[in-house]
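Derivation of every value follows stated rules applied to the coordinates shown; laboratory data play no part. Model, not experiment: these values are computed from the prediction. Glycine also receives a Cβ, built like all others from the backbone with ideal geometry; neighbour counts cover every protein chain displayed.
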Amino acid sequence: MTVRRGARHVAVLGAGLAGLAAATRLRAAGRDVTVFEARQRVGGRVWSQTVDTGHEAPAVIERGAEFVLDGYDSMRRLLALTGLDLIDTGMSYYVRALAETPSITTGDIAEAGGRAAALARALPGTPSTEDVLRRLGEDPALVEALRARVEISTAVEAHRVTAAALHHVASFEPLPSRRVAGGNQRLPDALGARLSGAIRLGEVVRRVSQDERGVVVATESAEALFDAVVVALPLAVVRDPEALELDLPGWKREALGHVVQGQAAKLHLPLRTPPATSALMSVRGRFWNWTALDAAGRVAPVLNGFMGSPSAIEAAALTEGPDAWVRATRLIRPDLDFDPARPATLTVWQTDPFARGAYAAHSPKTPADNAELIERPVGCVHFAGEYADPDCTGLMEGAIRSGERAADRVIGRGRTQAMSHRTDASCIPVEDGVR
Ligand code: FAD
């Protein structure tokens, strides 16, 4: 592989939404961009697939990110740029009925969630969700429902995540939940097409190093030199020196170490009879499932499932297969006509070598300045990804925002507090011209 080095040559590592957003902005600012992507597709944890359900039209399932929620402004901007539309799923991500304790209503959970969020605000320091739930003094079944809701959504156990997660739980209004018409994958595909020629698929980056010439990116087959690099790889890859050789100062490794890695899985089960829209949560199994409208405005004949937290995934033995989850699902959905002839589709993100997990969560032990340190560049190496966005951590919107901010820093529009921590004193933002 030979990559010509120009004064404005930037490498982006990873073609998930963070990397694609960064590359799009860098290209718009006139930078010469090369994107290295390990997979044979763009999108990373956005992964739509078409499945045959035996019905007239095949269904598009989301094996990764699904819901486009309120406040996804950056994502909406990219959708407008690429001419893509959102569709309403006809159900609400925020409102889930309880499978095992139907006497507890979604209103009960919303009210208790509001009280828990208020208590979280009143407690000193940064309590965990578990600290707050223990002090709540509500009906134990209701508290357990709140715990399950937080653990599923944040994909970590309640004692490992900050109580700020309860504010999310408290938002039980039936706000619309959307997805991209035809599948979320269409957004990375469209961004990738706009960057045509710049993306190198099937290139696994193994090493990033800096010296007086610039930043060297080494893949499994070759090396290339750049003026700056945006590392838009998953957290678990960035902080594993065996996966990626990257010389990081102690403050950076420490900041990355404070982030909690969530684990989640998805399950898709074809249905013989198209259902009504629905959303039901299993407190016991730490999963929820739903049926939703497709781009044609019909309810797709597929049951979608999401399980969150490492302990839930272990209890359901998902790394061995879907059987336990399928059984638990059938038990709580006797209303649905499952198709025994068509296989379940299980996606367990911790077993994916290029993701190694679902998404990040905030630990209660995280220092206040951690978010800033996470994004702070090291020399000419910049960082982006869902884990790096303080406000929309773990979400598609967070990935896009962080990618765009990393691009701004490369261009020289962003904050430059990193300079005091540079490992290479000769390294200057690309905007400033040649070294
Ligand atoms: P990624 O998408 O992981 O991109 C990183 C890229 O780096 C990947 O393409 C990967 O292949 C590549 N890569 C890895 N290692 C290397 C290497 N060594 N060399 C080169 N390339 C490499 N978000 C929402 O907003 N709504 C949801 O409903 C939602 N649901 C989710 C459900 C699940 C099960 C999961 C797992 C995630 C969900 N998310 C959701 C989160 C969303 O998917 C992520 O926040 C977002 O897609 C992450 O984008 P990213 O660019 O940071 O990382």
So, R0 is 30 Å and r is the distance between the beta-carbons of Leu293 and Ala110; what FRET efficiency does that work out to, to 0.05? 0.80
From the C-alpha coordinates alone, can you work out the Kirkwood hydrodynamic radius of the chain, in Å? 22.4
For the range 50-91, which GluC sites (Glu not before Pro) pass both filters: DSSP loop (anything but H, G, I, E, B) and at most 13 other C-beta atoms within 10 Å? Glu56
Taking 0.36 nm per residue of sequence separation and subtracting the Cα-Cα distance, how much length would be gained by fully extending the chain between Arg194 and His167, in nm to one decimal? 6.0 nm
Along the range 236-249, what does the Karplus equation 6.51 cos²θ - 1.76 cosθ + 1.60 (θ = phi - 60°) give for ³J(HN,Hα), rounded to whole Hz, x for Gly and Pro? 5, 6, 4, 9, 9, x, 6, 7, 9, 7, 8, 6, 10, x
Residues Leu331 and Ala141, FRET efficiency given R0 of 25 Å [Cβ-Cβ distance, rounded to 0.05]: 0.85
Simple spin-label estimate for Arg134 and His159 in nanometres, 7 Å along Cα-Cβ: 0.8
How do Glu111, Glu404, Glu173 line up, fewest other C-beta atoms within 10 Å first? Glu173, Glu111, Glu404
Computed [θ] at 222 nm, helices only, for the chain once each DSSP H run of length n ≥ 4 contributes -39500 (n - 2.57): -8500 deg cm²/dmol
Mind checking the range 195-279 for GluC sites (Glu not before Pro) that DSSP puts in a loop (not H, G, I, E or B) and that have at most 13 other Cβ atoms within 10 Å? Glu212, Glu220, Glu242
What is the range 7-140's relative contact order, in percent, from Cα pairs under 8 angstrom and six or more apart in sequence? 13
Residue by residue through the range 257-264, which ³J(HN,Hα) values in whole Hz follow from phi under the Karplus form 6.51 cos²θ - 1.76 cosθ + 1.60 (θ = phi - 60°), with glycine and proline marked x? x, 6, 7, 8, 8, x, 10, 8
